[in-house]
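Reading through the structure tokens given below for one structure.
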Amino acid sequence: GAGVSQSPRYKVAKRGQDVALRCDPISGHVSLFWYQQALGQGPEFLTYFQNEAQLDKSGLPSDRFFAERPEGSVSTLKIQRTQQEDSAVYLCASSLAVAGANSPLHFGNGTRLTVT
Amino acid sequence: ILNVEQSPQSLHVQEGDSTNFTCSFPSSNFYALHWYRWETAKSPEALFVMTLNGDEKKKGRISATLNTKEGYSYLYIKGSQPEDSATYLCAFNTPNAGKSTFGDGTTLTVKP
């Protein structure tokens, strides 16, 4: 497809369940980012990949969060033992440039996670 | 922790009004400032990437200016239309860091 694709669009999980969120970036985009957006706030950085290498995971809030991009294309964000505070929109973005700083991010539509 | 602030938080204007809002960011260690527009039920869309002090960018009725020495950027919309209703986000980048730090956005509502 032409844009960044995320699935599922909506996910309801019971507290304690594990979830996996998928991101399919624009073909050829080197950089891939995950952001978490709580209601009324801006996106908060979670983690960043350059090809298959995870260069920065400083934003992951706990060791329950894990991200991978094994072949440098599709990425999965996994949240283990979900808690209510994990409820948010999870945005994936990709960028053509290596560093991403001077090149705009192309966002997917996000996955809205609700933990009950 | 980088502090990126946007004001106002929300804005309601009438169709045809011109409006502007502000993004404040750290004046040291600047690399790039991005503006995005995020319409309801869509994904954020890039408007501008600004890198040089004094930069001015324009796209149709929307323009932006950048002052890196004092750490702010203005976004202007001339003759607002209902289709301009969206949340406008700014994002700040430091050198050698892939990640962007976002503000909380300004939500604009344009009434017909």
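The values are calculated or read from the model by the stated rules, or taken from the named source; none is laboratory data. Keep in mind that this is a model prediction, so the values were computed, not measured. Here Cβ is always computed from backbone atoms with ideal geometry, including for glycine, and neighbour counts include all displayed protein chains.
Return the residue satisfying two criteria in turn: it lies in segment A:25-54 and is of a type in the set (A, V, I, L, M, F, W, C) and surrounded by fewer than 17 Cβ atoms within 10 Å (Cβ to Cβ), and of such residues it is modelled with the lowest pLDDT. Please lay out each step first, then the result.
If we filter segment A:25-54 for residues that are of a type in the set (A, V, I, L, M, F, W, C), which is where we start, we get A:26, A:30, A:32-34, A:38-39, A:45-46, A:49, A:53.
Then drop every residue that is not surrounded by fewer than 17 Cβ atoms within 10 Å (Cβ to Cβ), which leaves A:38-39, A:53.
Numbers: A:Ala38: 94, A:Leu39: 89, A:Ala53: 95.
For segment A:25-54, the residue satisfying everything is A:Leu39.
Against the definition (more than 19 Å from A:Cys92 (Cα to Cα), β-branched (Val, Ile, Thr) and in contact with a His (Cβ under 7 Å, 6 or more places away or on another chain)), how does B:Thr22 come out, yes or no?
Details: more than 19 Å from A:Cys92 (Cα to Cα): yes; β-branched (Val, Ile, Thr): yes; in contact with a His (Cβ under 7 Å, 6 or more places away or on another chain): no.
In short, no.
For residues that are among the aliphatic types (A, V, I, L, M) and either without any contact (Cβ under 8 Å) to a residue 12 or more places away in the chain or within 11 Å of chain B (Cβ to nearest Cβ) (or both), tally how many sit in segment A:1-38.
Residues of segment A:1-38 among the aliphatic types (A, V, I, L, M): A:2, A:4, A:12-13, A:19-21, A:26, A:30, A:32, A:38.
So of that shortlist, the ones also either without any contact (Cβ under 8 Å) to a residue 12 or more places away in the chain or within 11 Å of chain B (Cβ to nearest Cβ) (or both) come out as A:4, A:30, A:32, A:38.
Qualifying residue count, segment A:1-38: 4.
What is the residue count in segment B:99-112 for residues that are out of contact with any Pro (no Cβ under 7 Å at 6 or more places or on another chain) and crowded, with 22+ Cβ neighbours inside 10 Å? Reasoning before the result, please.
Step one: of segment B:99-112, the residues out of contact with any Pro (no Cβ under 7 Å at 6 or more places or on another chain) are B:99-101, B:103-105, B:107-109, B:111.
Restricting the remaining residues to those that are crowded, with 22+ Cβ neighbours inside 10 Å gives B:99-100, B:103, B:105.
The total comes to 4.
Show the residue pairs meeting these rules: Cβ distance below 6 Å; 6+ apart or different chains; first residue within segment A:87-102 and under 17 Å from A:Ala20 (Cα atoms); second residue of a type in the set (Lys, Arg) and modelled with pLDDT of 95 or more.
As it stands, the answer is A:Val89/A:Arg112, since those pairs meet every condition given.
Pick out, from segment A:1-65, the strands (runs of 3 or more DSSP E) lying fully within it that include 1 or more residues that are closer than 17 Å to A:Thr82 by Cβ, among the aliphatic types (A, V, I, L, M) and within 14 Å of the chain's Cα centre (by Cα).
Numbers: elements: A:5-7, A:10-13, A:19-24, A:31-37, A:44-50, A:53-56.
Of the strands (runs of 3 or more DSSP E) lying wholly inside segment A:1-65, those with at least 1 residues that are closer than 17 Å to A:Thr82 by Cβ, among the aliphatic types (A, V, I, L, M) and within 14 Å of the chain's Cα centre (by Cα) span A:19-24, A:44-50.
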